[in-house]
1. Among 57, 114, which comes first, then next, by fewest other beta-carbon atoms within 10 Å?
2. In what sequence do 74, 18 fall when counting other Cβ within 10 Å, fewest first?
3. Using only the Cα atoms of segment 3-84, what do you get for the radius of gyration and for Dmax, in Å?
């Protein structure tokens, strides 16, 4: 493969933005954070992206949507597609799953507390004034808070 053929496969930022659906500013941001590593500068100062840049950007966006931070992504993202560090990648993926499990448990607990509060508010006895109901709810919530353990909070 000659340099001209490989150069034709490379693209400028506008083409990469069109292919990925990302703004050029987002692509430059990911590059500035060290997530796009194989970017060359042409003599005119334009960025020249290899074909795999679109794939790397797709991985970055999907990883962010899954809850990974840019630092976490940078820690496992290889310089090229052949350089994945399997053990490190798997450990990171398992840690993220554990984080998501813990978050789901916290969210389920928060949901249960909110549903309990809604039920408590809506169970206002007939004829009770709103102010009295508010005091009743606050008393009940205060009693429930005293029963929670440190881990629940």
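Just so you know, all these numbers are worked out from the coordinates, no wet-lab data involved. Keep in mind the model is a prediction, meaning the values are calculated, not measured. Cβ sites come from the backbone with ideal geometry, for glycine too, and all protein chains shown count toward neighbours.
1. Numbers: 57 23, 114 10.
With the fewest neighbours first, 57, 114 line up as 114, 57.
2. Lowest to highest Cβ neighbour count: 18, 74.
3. Cα only, segment 3-84: 12.6, 40 Å (Rg, Dmax).
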